[in-house]
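> Here's a structure for you.
None of the figures in this text is laboratory data; all of them are computed from the coordinates on show. Just so you know, these numbers come straight off a predicted model, no measurement behind them. For neighbour counting, all protein chains shown are included, and Cβ atoms are generated from backbone atoms with ideal geometry for every residue, glycine included.
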Amino acid sequence: MKNLAFIFSLLFALTACKQDDYYIDGGKAIAEFDGDMLQYLESKPVPFDTIAQIVKLAGLESTFRNENLTFFAPNDTWIRDLIGTRVSPLGDTTYINLNANLKFRNLEPIRKLSDIDSVIWRKYLQRHMFRDAYKLKDYPQIDFVQKNMFPGQLFHSYDKSLFNIGVEYGDANGVKYLGYRQLTISYVPDASRPDDDWRTVRTSSTDIQPKNGIVHTLRNEEFFGFDFVEFLEEVSLTRNNTSSTK
């Protein structure tokens, strides 16, 4: 009987651990971090050095140190792609990046992060931030093929933009919804049409736990702030026209 009780205790412990698992494309990593959210970003110069700088430029240091929030974290590659190096499917390195478009408009390029107005950094960083702490298990299921059955859930980010956040359930051995769990976040460009034109990004890891919230890291599947054209227009308004100096 003692052996049987031990087996049941072991099975219970293993089950409890499994419920707290989170994923990096199917793998696990250390979830807890002994520091605030900004300290976590600063402790990972690869891949979050640039993101930590943007937090400071945006004037959001206090928020990342003290407020309870969920952060869908882009990595430094998102910023590099945004400003100047994303490659198009045709191999054109000047495709849809900020400096290429500024050059086309005869505007000054971005040479350092502080060249972009802090108000702009703040607005678009806040699209990655949500109030309160939500782990993967706290979000409902989403099925992008059958959204009427599994619709995910709508949330407003810190800047009041609309997002759908949900968990995709993969298949296992031919059985639907019994496989891996994949957290997704989808930007909804038009709140009057909440089911249309989503810009979806999947996570590369979830449930990282600094002392004041949750960090979910994102794959490189979108531009920082989820709307490149809007970002470009706002930055363009702040750049000096170079034609007069030529």
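> Taking the Cβ of Gly225 as the centre, find all other residues whose Cβ is under 10 Å away and add up their charges (Lys, Arg: +1; Asp, Glu: -1). Before the final figure, lay out the partial values.
Values: positive: Lys123, Arg127; negative: Asp159, Glu222, Asp227, Glu230, Glu234.
In short, -3.
> Could you give me the ³J(HN,Hα) list for segment 46-63, computed from phi with Karplus coefficients 6.51, -1.76, 1.60 and θ = phi - 60°, whole Hz, x at Gly and Pro?
Taking θ as phi minus 60°, the curve returns 10, x, 10, 4, 5, 5, 4, 5, 5, 4, 6, 4, 7, x, 10, 4, 4, 4 Hz for segment 46-63.
> How high is the relative contact order of segment 158-243? Use alpha-carbon pairs under 8 Å, at least six apart in sequence, and give a whole percent. Mind showing how you got there, number by number?
Working: 113 pairs, mean separation 14.9, N = 86.
Across segment 158-243, relative contact order equals 17 percent.
> With θ set to phi - 60°, apply the Karplus curve 6.51 cos²θ - 1.76 cosθ + 1.60 along segment 143-149 and write out the HN-Hα couplings as whole Hz, x wherever there is a Gly or Pro.
10, 5, 8, 10, 5, 5, 8
> Under 11 Å from the Cβ of Pro47, count the other residues' Cβ atoms, weight Lys and Arg +1, Asp and Glu -1, and hand me the total.
Numbers: positive: Lys44, Arg80; negative: Asp49, Asp76.
Here the charged neighbours net out to 0.
> Longer than 26 Å from Cα to Cα, which of Lys56/Lys112; Lys137/Lys160; Lys123/Lys211; Lys176/Lys211; Lys112/Lys160 are they? Say none if no pair is. Intermediate values should be presented prior to the final figure.
Details: Lys56/Lys112 14 Å; Lys137/Lys160 23 Å; Lys123/Lys211 24 Å; Lys176/Lys211 36 Å; Lys112/Lys160 28 Å.
From Lys56/Lys112; Lys137/Lys160; Lys123/Lys211; Lys176/Lys211; Lys112/Lys160, over 26 Å: Lys176/Lys211; Lys112/Lys160.
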